[in-house]
1. Treating the beta-carbon of each Lys and Arg as +1 and of each Asp and Glu as -1, no other charges, what is the dipole magnitude of region 105-259 about its Cα centre, to the nearest 20 debye?
2. Which three extents, in whole angstrom, do the alpha-carbon atoms of region 88-234 cover along their principal axes, largest first?
3. Applying a 10 Å radius around every beta-carbon, put 197-206, 264-273, 314-323 in order of their mean neighbour count, most first.
4. About the Cα centre, and with charges only on the beta carbon of Lys, Arg (+1) and Asp, Glu (-1), how big is the dipole of region 74-364? Nearest 20 debye, please.
5. With +1 on the Cβ of every Lys and Arg and -1 on the Cβ of every Asp and Glu, and nothing else charged, how large is the dipole of region 147-222 about its Cα centre, in debye rounded to the nearest 20?
6. Need the list of aspartates and glutamates near LYS310 for cross-linking: C-alpha distance under 12 angstrom, and skip anything on the same chain fewer than eight residues off.
7. Counting other Cβ atoms within 10 Å, which trypsin sites (Lys or Arg not before Pro) in region 21-87 have at most 12 and lie in a DSSP loop?
8. Along the charge dipole of region 186-265, pointing to its positive end and built from +1/-1 on Cβ of Lys, Arg, Asp and Glu, which listed residue (VAL206, ALA248, ALA224) has its Cα farthest out?
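Bear in mind these aren't lab numbers, they're just calculated from the coordinates by the rules spelled out. Everything numeric here is computed off the predicted structure, so don't read it as measured data. Using ideal geometry, Cβ is built from the backbone for each residue, glycine included, and neighbour counts are taken over all protein chains shown.
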Amino acid sequence: MTKPRDLPPGLELRPEERAFFRGHRREAPPFAVTRHLLGLLDPADPADPIRRQFLPTASELSPGAGELEDPLGEDRVQPVPNLLHRYPDRALLLVTDRCAAYCRHCFRRRVSSGRRRAFLSPAELEQAAAYVDGHPEIRELILSGGDPLLLSDARLRALFARFRRERPELALRVHTRLPVVLPRRVTPALVRLLAGFRPLRLVVQVNHPRELDPACRQALGLLAAAGLPLLAQSVLLAGVNDRPRTLAELFAALSGAGVRPYYLFQPDLARGTAHFRPDPARGLRLYREAAALGPEAPRYMLDLPGGGGKVPVEPDLLGEREDGFYLLRRDGVVAARYPCYAGPMSTSGKKPKDFASVMRKTGKKLGKTLRGAAQATAKAAGKTAEVVAVRTRISAKQVRQKAEFLKMGESFYRARKSGMSPEQILASMQPQVTKLDTLQQEIATLELREKTLRN
């Protein structure tokens, strides 16, 4: 769906969403969303995390402080068109500028616009392949864009084959969101094609636990059953996943689906995305609280604006501030600046002033039982005993849900080791999938009840 009139009747655009379509939006990515994603969002919830990721608002039309057209300096590291060579041992190929659904927080907005050539021309492909052939230090080729899995199976096969023709040892990595936004694209034929070009791994972007619905888990299960390593990159997004519990559930759900949580990124400084960016100091606190809730946490990373590479977000990175910007140091030297979105903090190179108190509070929270935490939260907000009871039931079911995810992951690995086919594995796991679906429906019902009580 690419136009507001394509949306289902029950989904009414909010004023800020309508303002985007009335405004001048040439600088923003086009609008496109799949029916699958629309089926995941709650049309009655204006703060729905799926809606916030994929339905545009007028905020995209207002540039923020420090934002850049090319936030990672990618145009400076293109030795040939569409090929990025920033790191010595790997290169990245921009296969297409098309996506099945356009993420509103996309950092590669200038490329993933749907306004350029849909796919690489044969001449562009040959030029990129010749460069990789002539640089043996490149050991891995990353396919990105846009979404490379939008290519037909025949195009993908030809693409892989060309790069492997002179470099049979070249590792391949595919960055995609299609298992999340268009899971039906992951067919048995596509899985066989990808498995035939191993070593090949897939990196999926998943930002909220609700994205891992049964169709998505089935697609990921097919890929994992074929022996394809699966990694997840997530983005810390204000209003989507910027709560410790949401992040912890996301990391646990990914692990349960056979996907390794790899990176959690602080959003880049792409134009029109300021409304998605939490303050990095707050992001660090959220990340540490989430990581303390389970063993599956990825690394919290920031791509230095302008192309300085990835760095872990740590207190020392954020210890100095000037004129509303963090001064990001690398090897003792200020390498970049990143906007602040929080109140005053020390400019003496020390940790944020409230860091120690936040960590003390975190330790106390983790020492409480789920029931005690729910009651304390409800009491502090002056809620009724019924709200406490409902919130406690929700927490208990979420614990069961996490346990079922982990059980499903264990079952999957046992089944794969036993030599079962992908179809047999999926059939054997169907009772667990059904149980998870039932739990999710029960949680959704209880959350709706809680929202009614609070209102």
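1. Values: 24 positive and 13 negative charges, 70 e Å.
Dipole of region 105-259, to the nearest 20 debye: 340 debye.
2. 44, 35, 28
3. Working: 197-206: 19.7, 264-273: 23.5, 314-323: 15.8.
Ranked from most to least packed, the peptides come out as 264-273, 197-206, 314-323.
4. Working: 47 positive and 29 negative charges, 111 e Å.
Dipole magnitude for region 74-364 comes out near 540 debye.
5. On the way: 15 positive and 6 negative charges, 43 e Å.
Here region 147-222 has a charge dipole of around 200 debye.
6. Of all the aspartates and glutamates, those that pass the test against LYS310 - Cα under 12 Å, at least 8 places apart if same chain - are ASP268.
7. On the way: sites: ARG22, ARG25, ARG26, ARG35, ARG51, ARG52, ARG76, ARG86; in loops: ARG25, ARG26.
Sparse-neighbourhood loop trypsin sites (Lys or Arg not before Pro): ARG26.
8. ALA224
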